[in-house]
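Right, one structure below, let's go through it.
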Amino acid sequence: MKRLCLRMAIMLAAGMCAEGRADVPFLTGEVFGKAVKVTEGAAGSGRCVNIEGDLLYVGGKETLGVYSLSGDPLRPKLLGETKGIASARQIALQGGMAYVSARANGIWIVDCRSPAKPLVAGHYPSTANCTGIDVAGDVCFVGGSKSGLEFIDVSRPQNPQLIRCVKKEPVESQSVAYRDGLLFSGEWGGKCVTIWDARDMKSLKRLACCALESNGDGVWMDGKWLYASTGFSKEDKAPGAKAHPGQMGLEIYDVENPRAPKKVSRVDFEYCKPCTYDMWLVRVAGGTAFCTATGGGLYAVDVSDKSAPKVVDRWMPENKHQVTSVAVGDGVVYVTVANSGTWAITAKGARRVAVERGKPPVNASFRTPRPEAPKGFHRWLPSDASLSANVTGLAVTGDVCYAAAGTAGLFVLELSEDGITEKRRIPFAECMDVAIAGDRLFVAAGREGWIVFEMARTGELKEIARVPSAVARDVYAYGDGKRWAAFNTTVYDVSDLNNPKPLANLVNQSRYNKFLSPDILGGRWVAGNSALKHFSWLELVTQERDPPAKPRKMEGYASRMGGMCAFGEKAFLADNGGWAIMEPGGQDVPQIRQFPGKKRVMGLPRWNGGKLVALSGGDRTASIWDFSDVENPRLVRWHALPCPTDAASFWRDTLVIPARLQGVLVGK
């Protein structure tokens, strides 16, 4: 009786902490016990974890740490770490090599065969937000929220190369698992797990799709059993939404016949409020599935009877922040918690399980043939076919285009009515983005940082500064480039390039796109979109004051994909198929008007300095609109594109598009 009363008291107290809900089961003691925070090294800011052998790998804010588990499992010992690993999301391990997905920062390959001295061996600037990752032999499998699946040749870790990608399906692949020739992809928007025959990179085949009851995310394979975790549905986004059966939970499939998977069972989790981190992972060991449920904590599910899985315990961090990753050790599970770091928790029945991937794919050296140029465009790809170009940014001045082409470097192209001529290649280990202001060329060069050149009239480039960075991904240049610029999501005073002064970070994280305005709005403002939270304005002319003015938030308006550009003295906002013209610095909620017609209109806006506005970079479309009559915009051109792109620029009132694996596209 005393035990029952004590347990009821614990559950009641825990429920009261969870926004007053007494029906949320917290720590019950059936599986989880003592929790110890791991603070040393990368673990202090841990975002993802994995285990291989007796080593624990932790991806931190900008580091990857390797820890020994040979001693007290609740207190892993740091052996070594390496810096420069930005935005780690998931870790796949194979033979002492760590493959780290990092959302907009692509894929990091870290050689940890000497655990005391892990070294970054290579980096692949993926075409999309990398989330899911697995590896088998010479092939790395990557799930992304924009371009589906990518298959990367990692036989030479210092120079990973794209084998092929699946651009149309799946939708928003969040997790992947390879087992003996089969690849399983958990798909968020598609609400399914797609099964692929991935034995031969020359002939990828889609075998089946497991329809889930909600958005797909984490996947795990154990013999013939597929475990798929599911997360929020769109219905959850409404204010005051209640839990729906079949949303957050775990589903089990029998995939002995991968062409005809059979659903066996499902268990539902408690509803939790949608949050920034939507990471729903599952790891199975010893008859228990350990499931991260982000804001819902960590679940332990008894799956010894596949037909009747049941929740047996649940752990929540004290700060109620999101649980983002889990790895299973012997008697202990290791979890990472947003804004809290890494925790070691005793767990009954937990045991390390070596991942047996089986026979790896063959023909990792295969490369998908270059596709034909999309209709209505001139297309450029490097003249050297051995270079794998991934164009993620460009800048146009006169008839010259500078194209940031990933590991292929920076290219100088000449534009004409007849097409695109390659004039020069400037090698970089990575070239992620480029911007022009006045006579200055700013280059985001990955681990080399930001490099600033002075452009002579002859076309020669003279390097004048380097700004160090763990990963220089995005760059913006304002005015004449001698006072203001932005690196990644932060605006800087660059009057002294040797000591740039950070002014304000206007974007919480660049998850989905390049969310800073590319130009100054109304002569003095820069805007940024903290996706799903708010827009912010920074008034540049006030930064000389003491103290300088803080960014001004536009509260009450949140956008997932919206962006701004200049439109005369106004600001042009594009968001989810609509638009608004507004006063820069305004804090009122904008009145969004929908674009006319039935065409899908998405993307970030860019202005040509006259009456034309282009939208691109949001999905596989691009369009040009004539705003001569701002009350009645007219569609000039609309293009369906074969791949995701970044935001376009204008050249002579036509589009120049950084089309990633399609190179550079220029409208005819």
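Structural remarks
- Protein accessible area in region 573-668, 1.4 Å probe - carbon and sulfur %: 46 percent
- Net +/- balance of residues flanking Ala472 in space, Cβ distance below 14 Å, scoring K and R +1, D and E -1: -1
- Relative to the dominant Cα principal axis of the chain, helix 2-17 is inclined by about 10°.
- A simple spin-label model places the labels of Lys533 and Asp418 5.1 nm from each other, with each point 7 Å out along Cα-to-Cβ.
- Those trypsin sites (Lys or Arg not before Pro) in region 540-607 that DSSP places in a loop and that have at most 15 other beta carbons within 10 Å: Arg545, Arg560, Lys598, Lys599, Arg600
- Three-way shape call for region 539-616 based on the alpha-carbon gyration tensor, with the a/c threshold at 1.5: prolate
- In this structure, Val353 and Arg466 have a Cβ-Cβ separation that, at R0 = 45 Å, corresponds to a calculated FRET efficiency of about 0.50.
- Beta bridge orientation in the chain: antiparallel %, DSSP, nearest 5: 100 percent
- Note on region 521-668: Cα-only Rg and Dmax are 15.7, 51 Å.
- Of every Cα-Cα pair in region 328-476, the percent that sits beyond 28 Å: 45 percent
- Annotation: extensible slack from Glu30 through Gln591 equals 196.7 nm (criterion: 0.36 nm per residue apart, minus Cα-Cα distance).
- Prolate/oblate/rounded call for region 394-464, Cα gyration tensor, a/c under 1.5 rounded: oblate
- Over 25 Å (Cα to Cα) - which of Lys37/Lys348; Lys482/Lys570; Lys205/Lys263; Lys191/Lys348; Lys514/Lys599 fall in this group: Lys191/Lys348
- Sulfur and carbon atoms: percent of accessible area, region 431-542 [1.4 Å]: 43 percent
- Å² of accessible area per residue within region 74-129, as computed with a 1.4 Å probe and no ligands counted: 32 Å²
- Sparsely packed loop sites in region 551-635 (the GluC sites (Glu not before Pro) outside DSSP H, G, I, E and B with at most 10 other Cβ atoms within 10 Å) comprise Glu569, Glu631.
- Mean shadow area of region 602-668 over all directions, Cα convex hull, nm²: 4.1 nm²
- The chain, Cα convex hull volume normalised per residue, Å³: 158 Å³
The values are calculated or read from the model by the stated rules, or taken from the named source; none is laboratory data. What you see is a predicted model; the values in this text were computed from it and never measured. All Cβ positions, glycine included, derive from the backbone under ideal geometry; neighbour counts span all protein chains shown. Note: areas computed on protein heavy atoms with side chains; ligands, DNA, RNA excluded. Shrake-Rupley method; radii C 1.70, N 1.55, O 1.52, S 1.80 Å.
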